[in-house]
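Scroll down for the structure; my scribbles are underneath it.
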Amino acid sequence: MNFSELLWQPDVLRTQCAGPVLAVLNHAGLLDSASFPSAHQLNQVARALREVWHGPEFKAQGEYPESESRYYEAIIAEDSQVPTREHSWHDLFNALVWIQFPRTKALLNRLHMEDINLKGAHPRTPRRNRITHFDECGVVIAVEEDHLQKGNVLLSQLAHHQWNQVFLEERSAWGEILHPFVFGHANFEMMLSPFEGLTGKWLAVKVPRGFSNESVERQHERLDVALCERIQALDNFNRAPLLKPIPLLGIPHWYQEQTPCFYENKDYFRPMSVSSKPSVQLPLT
């Protein structure tokens, strides 16, 4: 589907989007915006949601001169600006992820630039491919430190594609032991009009006790710190295999059609391949 053709219609968004899309737009105060949010509005959102905003500025793509030839990541690193295309869902969600997780997004930018400075922008290095995959399609699963034992059991079920166990039998654990958050902005874009086959790649992090009772803003701050620490502990995406697939529409409460029959679709909820290797991120300690 060509998401660029979707108009800004809040009433339509409310009826067709998956839950995380509505949540991120509503949290940013944009769901009832009269028109597609501009880069200027996104800068206002960043300052409204953060007591002190240390992240980059969002700058409309049309404000750059035609002679601008620097690579996207270089502009972010050198100017502390994120080029943002007008009326682009992809860039809108990218900005909203920056606002939620500025430390992690800045870390990913630094890792990109390390490889670019060493080996050039093209072709992408294997590490940059992994970074990009997480940046576009990442899902963060937070586990509170006092639930690590049970959390590791559930994460192992996820890693081994035991979908019925983790999504149905352990459904109550989602929101109590496993706390999922969308990180990949391409995920958000595709969840504008959910379709079976929509898949993300997850990374688990440990968060402090009481995380589930904190405000959304405080949860984002804690997740941002935990994500940076976790990525660095896993050698900054140098190690593989790292990320594991997760059918996004199967995550409890993220999609309306979650009947037992829905989870029987083996084309979507695929068994683990016999050649699949264990993730280096497990167990979570």
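The values are calculated or read from the model by the stated rules, or taken from the named source; none is laboratory data. This structure is a prediction, so every number in the text was calculated from the model and none was measured. Glycine gets a Cβ as well: all are built from the backbone with ideal geometry, and neighbour counts include every protein chain shown. Accessible surface areas use protein heavy atoms only, side chains included; no ligands, DNA or RNA. Shrake-Rupley method; radii C 1.70, N 1.55, O 1.52, S 1.80 Å.
In segment 145-167, the residues that are under 25 Å from ASN213 (Cα atoms) and without any contact (Cβ under 8 Å) to a residue 24 or more places away in the chain form Cβ pairs under 7 Å with partners that are crowded, with 16+ Cβ neighbours inside 10 Å and not acidic (Asp, Glu), at six or more places apart or across chains, as follows: VAL166/LEU154; VAL166/GLN157; VAL166/LEU158. Pick from segment 79-94 the residues that are within 18 Å of TYR64 (Cβ to Cβ), touching a helix residue (DSSP H, G or I) at 6+ places or on another chain (Cβ under 6 Å) and in a helix (DSSP H, G or I): which of them is least open to solvent (accessible area, probe 1.4 Å)? The qualifying residue least open to solvent (accessible area, probe 1.4 Å) is ASN94. Per this entry, ARG103 is counted among residues that are touching a residue at least 24 places away in the same chain (Cβ under 8 Å), under 17 Å from LEU203 (Cα atoms) and surrounded by fewer than 18 Cβ atoms within 10 Å (Cβ to Cβ).
Taking segment 119-172 as the search range and keeping residues that are among the aromatic types (Phe, Trp, Tyr) and either more than 20 Å from LEU227 (Cα to Cα) or at pLDDT below 95 (or both), which one is least open to solvent (accessible area, probe 1.4 Å)? Steps first, please.
Of segment 119-172, the ones among the aromatic types (Phe, Trp, Tyr) are 134, 163, 167.
Of the ones still in play, those that are also either more than 20 Å from LEU227 (Cα to Cα) or at pLDDT below 95 (or both) are 163, 167.
Details: TRP163: 17, PHE167: 0 Å².
Residue satisfying both the conditions and the ranking: PHE167.
Condition test on VAL97, is it in a strand (DSSP E or B), closer than 22 Å to GLN61 by Cβ and in contact (Cβ under 8 Å) with a residue 24 or more places away in the chain? Reasoning before the result, please.
Working: in a strand (DSSP E or B): no; closer than 22 Å to GLN61 by Cβ: yes; in contact (Cβ under 8 Å) with a residue 24 or more places away in the chain: yes.
Answer is no for this residue.
Scanning segment 190-248 for residues that are open to solvent by less than 50 Å² (accessible area, probe 1.4 Å) and among the aromatic types (Phe, Trp, Tyr) returns TRP202, PHE211, PHE237.
In this structure, is ASP267 assigned to a loop (DSSP other than H, G, I, E, B) and either hydroxyl-bearing (Ser, Thr, Tyr) or modelled with pLDDT of 95 or more (or both)? Answer is yes for this residue.
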